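The values are calculated or read from the model by the stated rules, or taken from the named source; none is laboratory data. Since this is a predicted model, take the numbers as computed values, not measurements. Here the Cβ positions follow ideal geometry from the backbone for every residue, glycine too, while neighbour counts run over all protein chains shown. Each accessible area value is taken on the protein alone, full model and side chains, heavy atoms only, with ligands, DNA and RNA left out. Shrake-Rupley method; radii C 1.70, N 1.55, O 1.52, S 1.80 Å.
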Amino acid sequence: MSTSTGGQDFSAPIGTVIAGDTSYTVSGLDPAKTYYFVVRAVDEAGNVDSNKNEAKGTTDPDKTPPTFAGISSLTALSPTSVLLGWSPATDDVTATSGLVYLVYLRGPSGYDFTKPTYTTAAAATSYTVTGLLPKAKVTYVVRARDAAGNVDANVKELTVSTPADTTAPTFAGISSISAVSATSLTVNFPGGTDDVSASNKLVYTICLSTSAATKCNDSDTKWVGAVTVTGLAGAGNYKFTGLTPLTDYYARVWATDEAGNIAKPVTFLTTKTVTDTTAPTFTGCTAAAAAAPPLPGAGASAVDVTWSSATDDVSTAGQISYDIYRAASSGGALTFVTTTSAGATTYRATGLTPSTNYYWVCRAKDQAGNTESNTKYVLGATTADTTPPYLLPGGTAYTGTSGASALSDSAIQINWVAASDNVTASGSIKYLVCYSTSSTFCTSSFTANGGTFTSTYSRSFTGLPPATTYYFLVRAQDTAAVNNTTTNVAQSSATTNADATAPTWVGGNPSVTRYNPNANYLYATWSAASDASAVRYQICASTAGYTSYASCVAAGGTTFLTGFGATSFYLGGLARHTGYYVSMRAIDALNNFETGSHWDYAVTATSYASDINPIYVASCNGCHSWSYARR
C-alpha cells in the first residue's frame, strides 16, 4: 500500500490473507485520502509473483463531530477573571491531543456559535478569561472541534459572577519633599497600580501637616492642606504655597481606586521652609583624654573628646552636629576627622598611634550646614601600647586554637580563632603556632616552630608519622614595638591516622647479578623506598618471564623476604647456570605494599665442579680441553 502510485514497499506487506480469500479490509487510514494497492499471490513454497497492477481507493471525509459533555466547572478567580473547566472530548479520527475547544460568551441576544469568543490550544481542559468587570455576571458554553473542523453541538452552559473589587491599589507613598522657598515646598510621589482601575483613574490625596505628633494620620485635625490629584499615568507632584517660614512640615500621600479602595502607606517625609544662614554659638572642645575601657588598652589607640552643647537661632541642641579636627601641635594644621551625629556631646577617636600627643578642635554645625570656626585646641594624648590581642566583643583573653583533626596518616589540620587588638588591625595580627608530640613542650617552652601567619586561621601539618599524637598551641601577637603576645596555654591535640599508605618505590628497577662464589645464588641491589614507617622487600625469582611480584608468586616462583631497611639481598637455592626474572615490591611494617613492576634478569653462575666435563685429547700428550656441557 502507498499514498502515491508506484510507492509500495513490497518487502513489508500490510497484510496476508488465508488461502482462498479474495478480499481484505484495511483500517486506521486517514480520512479523505487516496491510497494505491497491489496484491501479489504466494504459493506454499513461499514464492511470490511480481505483478505491479495497482488499484486505488479514497477514504470518505471525516464528518463526525467529537463526543463532548461540555463545560463542567466555572469559577471566579478575581474581580476581573474566571476559570472554565471540562473533561476531554473524544473523536473517531482525531486524537484527544489534537482536539481544540471553542469558548462562547453569552451576549445580550444569546450566543453566536459561528464566532467563538475564545479558542483554546489543543488538548486544553481549562481556560482563564481575564479583563472582566467586577460584580459582572457571565455565562459560557464550550464546544469541541476535531482536526477536520467538525464541532459538537452541546449547549450546556454555566454562569458565575465576578466578586466586587476590594483590593486597594499598590502604592509606595511619598518619595520626596523639598523646600522651594521660605513659603513653599514640593511633594513628589511615584505612580500607583491597581488590579482593576487603570493608572490614570487613580486619585491621589496629599496631606501636609505641621503636627509632629500626628504626622498626617487619618484623624489629624491640624492639616494645613489636603489636596487631590487625578489623571496621572505615572509619577506626580504637588507644590504647596503660602506656608509659614521657619516651620517643619510633614507630608503623606495615599491612592484611591474607582471602587473606593484606599492605599494608605504610613511613610511620611518632612522638610523646613527656611534657609538658615547663621552659625551656632559654641565655645569648642572642653576636654580630651585617653579612652577608658571597656576594651583592654583602649587608651593606646583612642581618645575621648567632650564638649558642651552649642546653641542656634533655628536648630535645637538635639539637631546640631559637630565637626571634629585634630592637629600634631597646638595651633597646627588641622586634619578633619568626622562629623558627629546630631545632639552628640562626646566623640571617641580611634585608630591613633600609641604614646602620641594629639590636639583636638570641635566646631558646631546646624541643620542648614552653617558651621562656626572657633580655634580652641585641647590636648588629648594616647598611652603606650602594652596590651596583647584579645577576643571581641568583651575584650576577654585570647584562647588560641579552636580544634585539631587528623587529615590522613601523615597530616593534621589545626584551626584557631581570630583575635582583635587595641591598636593593630585584624589583618596585621600575627598568629604564632607551636606544635610538639609532648603535651608540655609548647606550654613551658613556647616557640613558633609551626610558623607565623596573618589573615589566616588554619594550617595543615604534613609529613607526620602515622598513629602519633601532636599538641598544638596558638598565640596572637600585635605589631607594637614590644610585640605584645598573648600567654594563653590551652592546647588542641589530634592523632594521625594509622598507616594505610603503601611505600613509594624510588630509583627505577633493581640490579640483579650472578654471584660467582656460589652458582646457586644471585645478588640484588636497589634504592630504598620511601614510607612513613620501616620498609622491607618481597622478592620473587622465576624462570618463566614474570616481571611483577604478584604474577611471579601466582606462577609458583621462589620467594624471599628481606629485613627492614635492606637495600641488597642474596637469593639462594637457585639452579646453576639458569636465567631468572627477579621481581620485587616494597612492604611497610603495617603490611601496606606498593604494586609497581620492578624487576631485572640475571643468569646464575656455572659450577666448574658440576657443570664442566673435561675431555682428554691424546694428540696433545696428555693435555686436556673442556667443554661447557652440563652433566
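When the C-alpha to C-alpha distance is required to be over 19 Å, the pairs from 135/156; 63/156; 272/365 that qualify are 135/156; 63/156. By the rule of a C-alpha distance below 15 Å, with chain neighbours fewer than 8 residues away ignored, the aspartates and glutamates paired with residue 137 are 157, 165. With a 1.4 Å probe rolled over the protein heavy atoms of all chains, the accessible area of 304, 60 falls in the order 60, 304, largest first. Using 0.36 nm per residue and subtracting the Cα-Cα separation, the extra length available between residue 277 and residue 445 on full extension is 53.6 nm. So if we plug the beta-carbon distance of residue 286 and residue 211 into 1/(1 + (r/R0)^6) with R0 = 41 Å, what FRET efficiency do we get, rounded to 0.05? So the FRET efficiency works out to roughly 0.65.
Each label point was placed 7 Å from the Cα along the Cα-to-Cβ direction; for residue 342 and residue 328 their separation is 3.8 nm.
In percent, rounded to a whole number, the relative contact order of region 63-222 is 22, using alpha-carbon pairs under 8 Å and six or more apart. Per-residue extension of 0.36 nm, minus the Cα-Cα distance of residue 568 and residue 170, leaves a gain of 134.3 nm for this segment.
Taking label positions 7 Å along the Cα-Cβ direction at both residue 468 and residue 96, the computed distance is 7.4 nm, reported to one decimal. Would you kindly calculate the translational diffusion coefficient of region 249-381, applying Stokes-Einstein with the Kirkwood radius from alpha carbon pairs, for 37 °C and a viscosity of 0.692 mPa s, and quote it in µm² s⁻¹ without decimals? The Stokes-Einstein estimate is 192 µm²/s. The alpha carbon convex hull volume per residue for region 461-595 rounds to 149 Å³.
At an R0 of 22 angstrom, the distance between the Cβ atoms of residue 576 and residue 597 translates into a FRET efficiency of 0.20. Computed over the chain, the convex hull of the alpha-carbon atoms projects to a mean area of 74.0 nm². Between the residues 301, 319, 344, the greatest Cα displacement towards the positive end of the dipole of region 297-430, with unit charges on the Cβ of Lys, Arg, Asp and Glu, is found for 301. Most tightly packed first, judged by the mean number of other beta-carbon atoms within 10 Å of their residues, the peptides 187-196, 483-492 read 187-196, 483-492.
Per residue of the chain, the DSSP helices (runs of n ≥ 4 H) give a summed -39500 (n - 2.57) that works out to -500 deg cm²/dmol at 222 nm. Sorting 405-417, 450-462 by average packing, meaning the other beta carbons within 10 Å per residue, from highest down gives 405-417, 450-462. Loop-located trypsin sites (Lys or Arg not before Pro) in region 48-131 (DSSP state other than H, G, I, E, B) with a sparse environment of at most 15 neighbouring Cβ atoms within 10 Å: 52, 63. Excluding same-chain neighbours fewer than eight residues apart, the lysines reachable from residue 264 by a Cα-Cα span under 20 Å are 201, 215, 222. Packing, as the average of other Cβ atoms within 10 Å across residues, places the peptides 199-205, 138-144 in the order 138-144, 199-205, highest first. Running Debye on region 1-85 with equal point scatterers at the Cα sites and no solvent, what base-10 log of I(q)/I(0) appears at q = 0.23 Å⁻¹? Relative scattering, expressed as log10 I(q)/I(0), comes to -1.20. A simple spin-label model places pseudo-atoms 7 Å from Cα toward Cβ; at residue 52 and residue 425 they are separated by 9.2 nm. Here r is the Cβ-Cβ distance between residue 114 and residue 75 and R0 is 41 Å; the resulting FRET efficiency, rounded to 0.05, is 0.90.
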